[in-house]
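The values are calculated or read from the model by the stated rules, or taken from the named source; none is laboratory data. Bear in mind that the values here come from a model prediction, so they are computed numbers and not experimental data. FYI the Cβ positions are ideal-geometry reconstructions off the backbone, even for glycines, and counts take in every protein chain you see.
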């Protein structure tokens, strides 16, 4: 463990209060924050992504925020590449990287250095074939194909997530019949190359849902509708990865006359609650996680921070 570089993870469900705590932690631990969020990486998408503002950073260096145009596609492979690059930069400055955000798969990719076996150009023909098949016969048809060759992956991947269904089928095709679920399971058993501490901030379910509803109301007050109107005027549409984010696709549907604004807001709240539930399920499956249930600390942030620091000293991440 002595030779392993230190890494701190602070995650948890959406709206639980990670941002505020991450700033206090970074200041106390001499850290720099790397955003493990699939939306905050995009420029011009501030309100709907609940992006941290410059003044809220309090001088703490932040990475992977406002880096890409919404026209660009951000994915797990790019996240891992950028995150590792920035981690080396942070180590070079004598700081400790703090991965903060709610995208568990992104965090896992770095903590266990997961290999995604990126496809090469030779596989583009098969991918195009699958994309054409999805267009002609529908998403369910592709999902049934996956169910036949890799039932474990089919159970985990929703039929609507065509990109991941195609990736799983591609992997099976490329490797001559190996399942991506087996590959991922094997990768998850790897020992981490880092001396890490993995904290999950959590709250009572009803309190978390109340915070989510309040946050969505605040986003609307801050101008989410105007933000999406501007993005649409820039030529952005629901076919783009960036515009698939919670809050953006629903407001776009309203602007396209598919639902009322009231319905859009209701769906954003409902789907964000469902998302928070899925996040908690993900974190519950992870290894070596330290849960920080806010109610256990009487909602006292000083006590939560003291507990984090105590764990970091125990793991010799902090002296």
For this session: Tell me which of these residue 79 doesn't satisfy, since it passes every other one: (1) part of a loop (DSSP other than H, G, I, E, B); (2) within 18 Å of residue 244 (Cα to Cα); (3) under 16 Å from the mean Cα position of the chain (by Cα).
Result: (1)
Seminar exercise, completed: residue 305: passes all of (1) buried (at least 19 other Cβ atoms within 10 Å of the Cβ); (2) touching a residue at least 24 places away in the same chain (Cβ under 8 Å); (3) part of a helix (DSSP H, G or I) but (1)
Exercise. For the stretch 120-234, which fully contained helices (runs of 4 or more DSSP H) count at least 3 residues that are not assigned by TED's automatic domain parsing to the domain that holds residue 269?
Worked result: 124-137, 139-149, 151-156, 162-174, 180-188
Problem set entry | residue 94 at positive phi, in the same structural domain as residue 21 (by TED's automatic domain parsing) and touching a strand residue (DSSP E or B) at 6+ places or on another chain (Cβ under 8 Å) | no
Seminar exercise, completed: The residue that is surrounded by the fewest Cβ atoms within 10 Å (Cβ to Cβ), considering only those in the stretch 134-151 that are closer than 21 Å to residue 239 by Cα and in contact with a helix residue (DSSP H, G or I) (Cβ under 6 Å, 6 or more places away or on another chain), is 139
Exercise. Can you tell me which of 168, 154, 197 is touching a helix residue (DSSP H, G or I) at 6+ places or on another chain (Cβ under 6 Å), closer than 18 Å to residue 102 by Cβ and surrounded by 14 or more Cβ atoms within 10 Å (Cβ to Cβ)?
Worked result: 197
Exercise. Looking at 55, 46, which is the one that is in a loop (DSSP other than H, G, I, E, B) and either modelled with pLDDT of 95 or more or farther than 24 Å from residue 76 by Cα (or both)?
Worked result: 46
Problem set entry | Residue list for the stretch 237-275, filter: in contact (Cβ under 8 Å) with a residue 60 or more places away in the chain and within 13 Å of residue 39 (Cβ to Cβ) | 240, 241, 242, 243, 245, 246, 247, 248, 272, 275
Exercise. Out of the stretch 201-213, which residues are out of contact with any helix residue (DSSP H, G or I) (no Cβ under 6 Å at 6 or more places or on another chain) and farther than 21 Å from residue 22 by Cα?
Worked result: 205, 206, 210
